[in-house]
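Working notes, beginning with the structure itself.
The values are calculated or read from the model by the stated rules, or taken from the named source; none is laboratory data. What you see is a predicted model, and the numbers here were worked out from it, not measured in a lab. Glycine gets a Cβ as well: all are built from the backbone with ideal geometry, and neighbour counts include every protein chain shown. To get the accessible areas, we keep the full protein, side chains included, count just its heavy atoms, and leave off ligands, DNA and RNA. Shrake-Rupley method; radii C 1.70, N 1.55, O 1.52, S 1.80 Å.
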Amino acid sequence: MTTPDRVHPAWLPPEAFRAIGSRRTLVLGDGLLAETVHDEVAQASARYGGSVRRAGDGPYDLVLALTTAEALPGVAGEVRPDSAIGDEGYLLARRDGVTVVLADEPAGLLYGLFHVVRLGERAFAGERPAEHHRPAVRRRMLDHWDNVDVHPVMGQVERGYAGGSVFWRDGAPRGDLVRVRAYARLLAACGINAISVNNVNVHATEAHLLTDRLGDVAALADVFRPYGIRVHLSVSFASPVVVGGLPTSDPLDEDVRKWWADVTGRVYDTIPDFGGYVVKADSEGQPGPFAYGRDHADGANLLAEALAPYGGVVHWRAFVYNHRQDWRDRSTDRARAAYDHFAPLDGRFRDNVILQVKHGPIDFQPREPVSPVIAAMPATRVAVELQVTQEYTGQQRHVCYLAPMWREVLGFRPWGADGSDVADLVGGGDLVAVSNVGDDPYWTGHPLAQANLYAFGRLAWEPRLDPVAILDEWIDLTFVPAATGDTERLRRTLHEIMDDSWRTYERYTAPLGVGFMVRPGHHYGPDVDGYEYTPWGTYHFADRDGVGVDRTRATGTGFTGQYPPPWSEVYESLADCPDELLLFFHHVPYGHVLRSGSTVIQHIYDTHFAGAEQAAEAGRRWEEAVGLFDPALHARVKDLLDEQVRCAEEWRDQINAYFFRKSGVPDAHGRRIP
């Protein structure tokens with residue numbers, strides 16, 4: 001499948017297929033995805049002089065086969081396992097000069113093919129004992145916040161930083177299905193198998209995708225299907241009223257239940273492999289069951305009942321909080337909201353309800369504790385939601401490689417060192433992320449932001465992968481195949497810029513986990529008091545004596561009590577609370593001494609000076625790398641790094657000046673603070 005010339009190939013450049021395309025390949029198996037595997041190999045073979053066959057005698061260098069094939073040749077038959085490989089799993093082995101990928105189902109064959117692409121020449125070197133590869137997470141999903149109509153405030157893509165939608169334009173489908181197919185291919189290559197194609201904030205036009213505009217969704221499903229990706233749809237809880245003409249959307253009303261059952265049946269008549277619904281309800285103005293005196297279990301179970309006969313699921317988002325609170329009332333705590341709403345409902349949700357919980361209790365900040373809801377609902381299917389689009393981490397204008405953050409989230413152990421971690425809790429279930437893709441030629445606006453999308457897919461497949469190793473994979477696929485210069489220097493440059501970039505961003509933005517010191521509305525750049533006196537519940541409570549939010553049980557909002565031991569005690573204790581989350585859980589004096597030995601105020605000064613300097617150093621490293629990268633890509637990244645340096649300095653100066661003026665404490669090193 002050829003990517004349009006104007007679109008960057010990301011981690012699937014033609015050169016990545018050279019190792020496969022220059023060899024003799026046998027593909028055995030039937031089904032749509034097996035045809036996709038054959039077509040991928042055939043295109044690579046046509047480019048690099050190899051061959052691909054569907055039957056016949058060897059010799060072969062590569063065999064890609066379903067275990068159900070009647071006659072597996074040679075080595076493939078010898079390595080066929082006695083036990084099941086799994087619906088999406090595959091077995092990889094190499095013996096006697098033949099590399100073999102075996103799978104029980106075509107999806108596994110597709111993922112096995114892309115694993116061979118990742119390995120390149122290594123897949124055809126030496127001997128390789130049989131390796132079993134299976135996804136740890138069953139549903140690996142991207143949510144697009146794309147609007148069909150252009151929203152007057154949020155535009156074509158809400159919180160999108162890479163141009164317009166790849167699906168919609170000005171109220172209609174874009175019609176550029178070649179681009180959508182290229183996107184499906186990229187997603188499959190990193191392991192993603194589900195996608196929601198419209199915004200969770202469902203506006204008037206988008207509500208009709210469920211009914212009279214369902215054909216637009218079906219056209220997208222047809223493009224994603226050959227790459228093993230199921231399409232889901234964000235729907236409005238008020239759909240029975242908005243598009244159905246009913247007087248109510250009460251989830252216990254029989255006419256409402258029948259309406260959803262009938263509509264859902266028509267959806268599956270049109271899209272038989274439809275994945276299900278995504279719902280944002282009773283949050284930030286979206287309608288929900290509260291309007292009828294019902295709770296979220298009532299609302300979610302209504303849709304789950306309609307989807308159950310077809311194997312569909314409803315992702316019900318737990319992002320529910322009071323966004324009209326009184327800033328004067330310190331007893332109201334936005335961080336508490338998801339737990340307070342949902343933990344009492346554990347055990348009441350149907351089996352095909354998936355409670356979709358943001359990884360932190362606030363809203364995708366550079367540093368938050370892990371949401372206590374993830375551990376609080378053992379009788380409920382819970383999906384963890386990450387944000388690939390960098391709403392609060394530089395908006396794809398700043399380099400901010402997020403895999404290290406996500407790996408920390410997935411490795412968090414809610415019950416302490418001997419208990420399960422978040423990766424265990426989502427294992428076999430769902431991991432979801434908000435997409436960062438748009439119609440920009442580089443897909444993600446910032447070319448280096450592609451790494452975040454790739455890393456999400458790979459971590460969703462195997463949550464314990466090393467972020468540095470994932471970055472190596474992405475570099476080796478994206479840049480090395482076409483590189484003509486010093487590839488080791490190329491790799492080194494990207495690692496120097498990207499490995500620590502999340503922590504660099506954290507250093508020059510909001511300190512010690514306090515979060516949300518951003519410009520209201522668009523959320524780009526510093527505004528320390530921007531949200532401090534608003535109804536949104538995102539406060540830092542800085543005064544002349546100190547800063548931070550008291551969330552303790554002893555004197556604060558009690559949020560620490562939502563965690564199980566030992567974390568409920570660790571976060572409660574001023575002495576034990578991790579420094580990086582101190583201001584999330586405690587209001588402390590500026591002279592409070594951190595575990596590092598620095599005071600809070602000096603830490604603020606030091607980290608903001610350091611973060612801005614690290615951003616500048618990244619810019620210098622990139623300038624030195626001219627000639628290692630495509631000139632157009634190098635120029636785009638240089639311009640973005642220049643903007644990152646400017647913005648980092650603005651963050652440094654505003655944050656440091658604000659806290660100097662609040663505290664009156666000078667910088668111990670005598671550096672200039674405006």
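Take the residues in the stretch 32-83 that are surrounded by 13 or more Cβ atoms within 10 Å (Cβ to Cβ), out of contact with any helix residue (DSSP H, G or I) (no Cβ under 6 Å at 6 or more places or on another chain) and small (Gly, Ala, Ser); name whichever of them is modelled with the highest pLDDT. Applying the filter and picking the extreme gives Ala42.
Report, by residue number, each residue of the stretch 480-532 that is part of a helix (DSSP H, G or I) and either farther than 29 Å from His634 by Cα or among the small types (Gly, Ala, Ser) (or both). Across the stretch 480-532, the qualifying residues are Ala482, Ser501. Considering the stretch 551-570, the residues that are in contact (Cβ under 8 Å) with a residue 40 or more places away in the chain and in contact with a Gly (Cβ under 8 Å, 6 or more places away or on another chain) include one that is surrounded by the most Cβ atoms within 10 Å (Cβ to Cβ), namely Arg551. For first residues located in the stretch 318-339 and free of Cβ contacts under 8 Å to residues at least 40 places away in the same chain and closer than 21 Å to His359 by Cα, partners that are in a helix (DSSP H, G or I) and of a type in the set (Val, Ile, Thr) and lie 6+ apart or on another chain with Cβ distances below 9 Å form the pairs Ala338/Val373.
Listed here are the helices (runs of 4 or more DSSP H) enclosed by the stretch 157-276 that have at least 3 residues being over 21 Å from the mean Cα position of the chain (by Cα) and in contact (Cβ under 8 Å) with a residue 40 or more places away in the chain: 204-207, 214-224, 254-270.
Taking into account only those residues within the stretch 112-145 that are farther than 22 Å from Trp11 by Cβ and under 24 Å from the mean Cα position of the chain (by Cα), which is least open to solvent (accessible area, probe 1.4 Å)? Checked the stretch 112-145; the qualifying residue least open to solvent (accessible area, probe 1.4 Å) is Trp145. Here are Arg464, Arg507, Arg492: which of them is open to solvent by 40 Å² or more (accessible area, probe 1.4 Å) and more than 26 Å from Arg620 (Cβ to Cβ)? The conditions single out Arg464. Residues considered: Leu477, Leu471. Of these, the only one that is in contact with a Phe, Trp or Tyr (Cβ under 6 Å, 6 or more places away or on another chain), open to solvent by less than 40 Å² (accessible area, probe 1.4 Å) and not charged (D, E, K, R) is Leu477. If I filter the stretch 628-636 for residues that are in contact with a helix residue (DSSP H, G or I) (Cβ under 9 Å, 6 or more places away or on another chain) and either of a type in the set (Gly, Ala, Ser) or under 18 Å from Ala510 (Cβ atoms) (or both), do I get at least one hit? No, the stretch 628-636 contains no residue that is in contact with a helix residue (DSSP H, G or I) (Cβ under 9 Å, 6 or more places away or on another chain) and either of a type in the set (Gly, Ala, Ser) or under 18 Å from Ala510 (Cβ atoms) (or both). Of everything in the stretch 400-413 that's open to solvent by 10 Å² or more (accessible area, probe 1.4 Å) and in a loop (DSSP other than H, G, I, E, B), which residue is farthest from His523 (Cα to Cα)? Among them, the one singled out is Arg413. Evaluating Arg671 against the criteria (1) in a helix (DSSP H, G or I); (2) surrounded by fewer than 17 Cβ atoms within 10 Å (Cβ to Cβ); (3) among the basic types (Lys, Arg) leaves one unmet condition, (1). Could you please find all residues in the stretch 374-399 being in a loop (DSSP other than H, G, I, E, B) and under 24 Å from Glu473 (Cβ atoms)? Hits for the stretch 374-399 are Val388, Thr389, Gln390, Thr393, Gly394, Gln396, His398, Val399.
Could you check the stretch 414-437 and list, in sequence order, the residues that are surrounded by fewer than 23 Cβ atoms within 10 Å (Cβ to Cβ) and assigned to a loop (DSSP other than H, G, I, E, B)? Result: Pro414, Trp415, Gly416, Ala417, Asp418, Gly419, Ser420, Asp421, Gly427, Gly428, Gly429. Do you know which of the residues in the stretch 638-648 that are out of contact with any His (no Cβ under 7 Å at 6 or more places or on another chain) and of a type in the set (A, V, I, L, M) is surrounded by the most Cβ atoms within 10 Å (Cβ to Cβ)? Going through the qualifying residues, I end up with Ala648.
Residues to consider are Arg334, Arg330, Arg350; find the one that is open to solvent by 20 Å² or more (accessible area, probe 1.4 Å) and at pLDDT 95 or above. Reasoning before the result, please.
Numbers: Arg334 fails: open to solvent by 20 Å² or more (accessible area, probe 1.4 Å); Arg330 fails: at pLDDT 95 or above.
After ruling out the rest, the residue left standing is Arg350.
The single condition among (1) β-branched (Val, Ile, Thr); (2) open to solvent by 10 Å² or more (accessible area, probe 1.4 Å); (3) under 30 Å from Ala162 (Cα atoms) that Val357 does not satisfy is (2).
I'd like to know if the stretch 220-241 contains one or more residues that are over 28 Å from Val357 (Cβ atoms) and open to solvent by less than 10 Å² (accessible area, probe 1.4 Å). No, there is no match, as no residue in the stretch 220-241 is over 28 Å from Val357 (Cβ atoms) and open to solvent by less than 10 Å² (accessible area, probe 1.4 Å).
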